[in-house]
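Below: the structure, in structure tokens.
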């Protein structure tokens, strides 16, 4: 089990309404955005481009009260599944390939952990739902499960408020039923990016924004990407800025 640093713990306490000490407030909170790197989801649809557009808009909207960074394997040639693969499948995430290379997901999480993040937001598009909607996902059995749920609920609510997306609420990462990756602590099915054993940020949420079928035109629109990214950053700053 990872250990939470003093500064990171301060961010967690702040997130749930406790007043951080002066020492805890020294470091500006670090926020990591992980846009999907998948280019193989949906017909005539590039999830990586859409999600990166949303993340770039979020980062551009930063006022500097939190530090924002992106982790993305899309342009990294030294990993396997750099532009494809599922967050829920061992072969695409935790496993090495026949050349001994780590996955794109592993690369992204390693880069994230180097920043000692306080908050981690993964941005994806759903598929096959036939719903023009937004979902939030959190890691089941997590130590900070309630704090993660509160953040995910607010992000989904605000995204839906500024768009015409339907609010489908917050679900556990174990609920999809299609994954074979499991958390070693709970043994439940999990999203690799949300597993506390892999991702050291205490606050971790994954957003599924729109459906790559019924929402494709909406998602490809740069104005909608900007609107969604800006509202995500506003929520983050409102909740975590000191």
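Would you say residue 76 is farther than 25 Å from residue 215 by Cα and either part of a helix (DSSP H, G or I) or over 14 Å from the mean Cα position of the chain (by Cα) (or both)?
Here the answer is yes, as residue 76 does meet what is asked.
For region 85-94, what are the residues that are out of contact with any helix residue (DSSP H, G or I) (no Cβ under 8 Å at 6 or more places or on another chain) and either touching a residue at least 40 places away in the same chain (Cβ under 8 Å) or buried (at least 21 other Cβ atoms within 10 Å of the Cβ) (or both)?
89, 90 - these are the residues of region 85-94 that are out of contact with any helix residue (DSSP H, G or I) (no Cβ under 8 Å at 6 or more places or on another chain) and either touching a residue at least 40 places away in the same chain (Cβ under 8 Å) or buried (at least 21 other Cβ atoms within 10 Å of the Cβ) (or both).
Which residues, counting only those in region 188-242, are within 25 Å of residue 64 (Cβ to Cβ), over 19 Å from the mean Cα position of the chain (by Cα) and touching a residue at least 60 places away in the same chain (Cβ under 8 Å)?
Scanning region 188-242 gives 222, 242.
When the residues of region 11-61 are narrowed to those that are in a helix (DSSP H, G or I) and modelled with pLDDT under 95, which ends up surrounded by the fewest Cβ atoms within 10 Å (Cβ to Cβ)?
13
Restricting to region 152-172, what's the tally of residues that are touching a residue at least 60 places away in the same chain (Cβ under 8 Å), in a helix (DSSP H, G or I) and crowded, with 16+ Cβ neighbours inside 10 Å?
4
Does residue 183 fit the bill of being more than 21 Å from residue 53 (Cβ to Cβ) and touching a residue at least 40 places away in the same chain (Cβ under 8 Å)?
yes
With the condition kept exactly as written, say whether any residue in region 95-104 is within 17 Å of the chain's Cα centre (by Cα) and surrounded by fewer than 22 Cβ atoms within 10 Å (Cβ to Cβ).
Among the residues of region 95-104, not one is within 17 Å of the chain's Cα centre (by Cα) and surrounded by fewer than 22 Cβ atoms within 10 Å (Cβ to Cβ), which makes the answer no.
The values are calculated or read from the model by the stated rules, or taken from the named source; none is laboratory data. Since the structure is predicted, the reported quantities are computational estimates derived from the model, not experimental observations. Cβ atoms come from the backbone with ideal geometry, glycine included; neighbour counts cover every protein chain shown.
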